[in-house]
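The values are calculated or read from the model by the stated rules, or taken from the named source; none is laboratory data. Just so it is clear, the model here is predicted, and its values are computed rather than measured. Reconstructed Cβ throughout: ideal geometry from the backbone, glycine too, with neighbour counts over all protein chains shown.
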Amino acid sequence: MTVSYFWMALKRRAWLLVLTLLVGAAIALWFTLAQLPRYRAEATLSIISGNPTADPQVAVGLADALAPTLVAYMETQTFAAEVIVRSELSMSPTDLLRSVTVWHVPGTHLLRVQATSNYPQQAERVANGVAQTVIDLTADQLQETIGVQATSPELASLTARAQDELNYYLDLAEELRVRLAEYRSQPPSSDRDEGIARLSAQLLDVQDTVGDLRGVLLQSGAAPGIIAPYAIALLDPAVVPVAPLPRPFGKNLAIGLAASLLVGLALALIPESLDYTVATPEELEDVLGVTVLGAVARIGGRDTQDDPIEQLVARNYPRSPIAEAFRTLRTNIRFARPDMRRGCLLVTSAQPGEGKSLVSSNLAVAIAQEGRTAIIIDADLRRPTLHRFFGLPNRLGFTSLVMDETLTVDDALHDTDVPGLQVITSGPLPPNPLDMLASQRAQDLLAILRDRCDMLLLDSPPVLSVTDAMLLASHADAALLVTAARSTRRDLVLKAFETLKRSNIDIIGTVLNKVRQSELGYYYSHYYYGYYYGTPGEVPEEIPVVGRMQEPGAGSTERP
């Protein structure tokens with residue numbers, strides 16, 4: 001199956017895709033409106049250094065170092081359980097963690113705590129409960145750390161020296177910045193440029209030293225004389241939210257449309273992938289590897305199917321789209337075999353019910369309308385139908401000529417109201433059709449009839465049902481294989497084609513019959529309905545003969 005095959009399948013089932021998308025959008029809308037409104041409360045925490053005299057950047061660096069650990073700790077089940085106990089919340093730790101989001105604001109010493117809930121008061125209680133719990137737990141844990149640090153004189157001494165050095169280099173950096181500003185205010189000169197370069201290099205070295213000392217202080221966790229290395233404070237408590245959060249219409253709609261699109265594609269393509277019949281001319285060409293000489297749309301509804309005379313559209317409604325399809329088939333046969341202006345053409349199919357008699361009858365009419373003489377023989381001696389298309393009696397026909405040698409071909413030839421077209425019906429059905437077709441008398445009759453017309457058409461039995469078609473193929477110059485769209489399995493079409501090839505007959509091409517108008521493609525739809533009727537609008541799936549296929553401007557449904 002090619003990409004074009006699936007594309008045609010999608011075009012045929014575009015309504016299904018639209019329907020699933022509409023259903024998906026409706027479900028997404030209903031789901032969004034059915035959800036309770038969500039409220040969000042937010043609290044802000046601040047990580048502060050325990051040394052009030054420390055540089056402000058120390059707090060930022062401290063927050064960068066501590067924030068990942070604090071956030072990870074606040075996302076644990078243990079912490080959530082502690083929050084529930086301290087804040088007296090009626091929810092599980094898992095539900096609390098799902099409703100809370102904690103993150104560190106980059107480049108600052110701030111932590112944000114957000115809580116969402118269907119109830120605004122609960123959102124506020126959860127956010128403030130989480131914030132207060134982390135403050136209390138951090139204070140409790142730091143008391144133990146303070147005691148250890150107080151009993152460690154080496155750590156206190158190291159921290160004191162580092163803080164003294166840090167203060168010295170901070171003062172030196174400020175002095176260098178003042179001197180650098182003075183140099184930059186002087187008029188341009190070589191001494192000025194040299195001084196600026198020297199002081200800039202010294203300032204960079206001092207700033208590197210300041211950074212190293214700050215790292216030492218962070219690793220020590222304290223400075224001399226502080227109560228604790230750091231603390232967490234509630235900077236901005238959560239308040240009860242007034243308005244709910246916006247409903248996620250866009251997100252839910254996108255999810256609903258995506259899911260419904262997948263469902264729609266599955267519903268459209270899976271049946272196609274499981275369908276082993278031939279639906280379009282392109283598929284038939286892919287299966288057999290030969291040219292499709294014609295594609296004929298389905299003719300009429302059930303009433304028309306029961307009246308074969310109405311299906312002879314090439315005679316009854318010569319300006320109809322389907323009549324043009326048969327004239328196109330006639331032209332394509334002539335182009336496919338330019339040397340076969342005269343000869344014998346076998347028309348057959350893989351199995352019964354594919355419309356070979358309909359195709360052969362209308363093709364014979366189209367050939368006669370071209371100005372050539374044509375004779376069509378109903379060589380299906382098991383289920384003959386040709387006499388029904390032309391409204392002829394079947395008392396005397398081809399079997400009569402074979403069995404009664406006193407009869408001549410003129411006795412069985414029926415003239416029609418189509419100039420140049422004659423018909424020989426099957427005649428009475430014999431008990432042994434194969435033996436009758438294989439007789440010398442039958443061969444002689446076919447030879448005589450070939451000389452009596454430009455084109456002799458043999459309406460043959462199906463290839464796969466009986467071997468009659470193979471016997472008739474030996475008397476024909478070429479064969480035309482008729483296939484019914486969405487009726488015949490691909491393996492049967494291929495088997496019939498290979499069976500004909502083994503008989504060494506020239507398979508001139510194929511005809512796809514009973515095609516849905518929507519599957520004929522843009523060219524057929526535009527040509528048939530645009531050229532003939534001037535309005536290439538919506539095309540029905542079945543084209544009724546009576547009342548719709550009359551010549552434009554005709555006021556009645558009678559045959560012209």
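Summary of values
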quantity: Filtered residue count, segment 413-445, keeping only those that are under 14 Å from Asp378 (Cα atoms), touching a Gly at 6+ places or on another chain (Cβ under 8 Å) and of a type outside the set (A, V, I, L, M); calculated: 4
quantity: Tally, over segment 402-413, of residues that are closer than 21 Å to Ser361 by Cα and in contact with a helix residue (DSSP H, G or I) (Cβ under 7 Å, 6 or more places away or on another chain); calculated: 2
quantity: Residues of segment 34-60 that turn out to be surrounded by 14 or more Cβ atoms within 10 Å (Cβ to Cβ), outside any loop (DSSP other than H, G, I, E, B) and at pLDDT 70 or above, as a count; calculated: 10
quantity: Pair list, Cβ < 6 Å and 6+ apart or interchain, from segment 316-341 residues that are more than 15 Å from Thr291 (Cβ to Cβ) to residues that are in a loop (DSSP other than H, G, I, E, B) and aliphatic (A, V, I, L, M); calculated: Tyr317/Met549; Ser320/Met549
quantity: Residue among Thr331, Thr304 that alone is assigned to a helix (DSSP H, G or I), at pLDDT 90 or above, surrounded by fewer than 22 Cβ atoms within 10 Å (Cβ to Cβ) and not hydrophobic (A, V, I, L, M, F, W, C); calculated: Thr331
quantity: Among the residues listed as Val313, Val290, the single one being modelled with pLDDT of 85 or more, surrounded by fewer than 18 Cβ atoms within 10 Å (Cβ to Cβ) and of a type outside the set (Ser, Thr, Tyr); calculated: Val290
quantity: Test result for Val71, in contact with a strand residue (DSSP E or B) (Cβ under 9 Å, 6 or more places away or on another chain), surrounded by fewer than 18 Cβ atoms within 10 Å (Cβ to Cβ) and modelled with pLDDT under 90; calculated: yes
quantity: Pair list, Cβ under 6 Å, 6 or more apart: segment 111-140 residue closer than 13 Å to Ser87 by Cα, other residue charged (D, E, K, R) and surrounded by fewer than 19 Cβ atoms within 10 Å (Cβ to Cβ); calculated: Thr133/Glu82; Thr133/Arg86
quantity: Where Arg342 falls short, out of the listed (1) surrounded by fewer than 18 Cβ atoms within 10 Å (Cβ to Cβ); (2) farther than 20 Å from Met455 by Cα; (3) touching a strand residue (DSSP E or B) at 6+ places or on another chain (Cβ under 8 Å); calculated: (2)
quantity: Flag if Thr348 is surrounded by fewer than 22 Cβ atoms within 10 Å (Cβ to Cβ) and among the hydroxyl-bearing types (Ser, Thr, Tyr); calculated: no
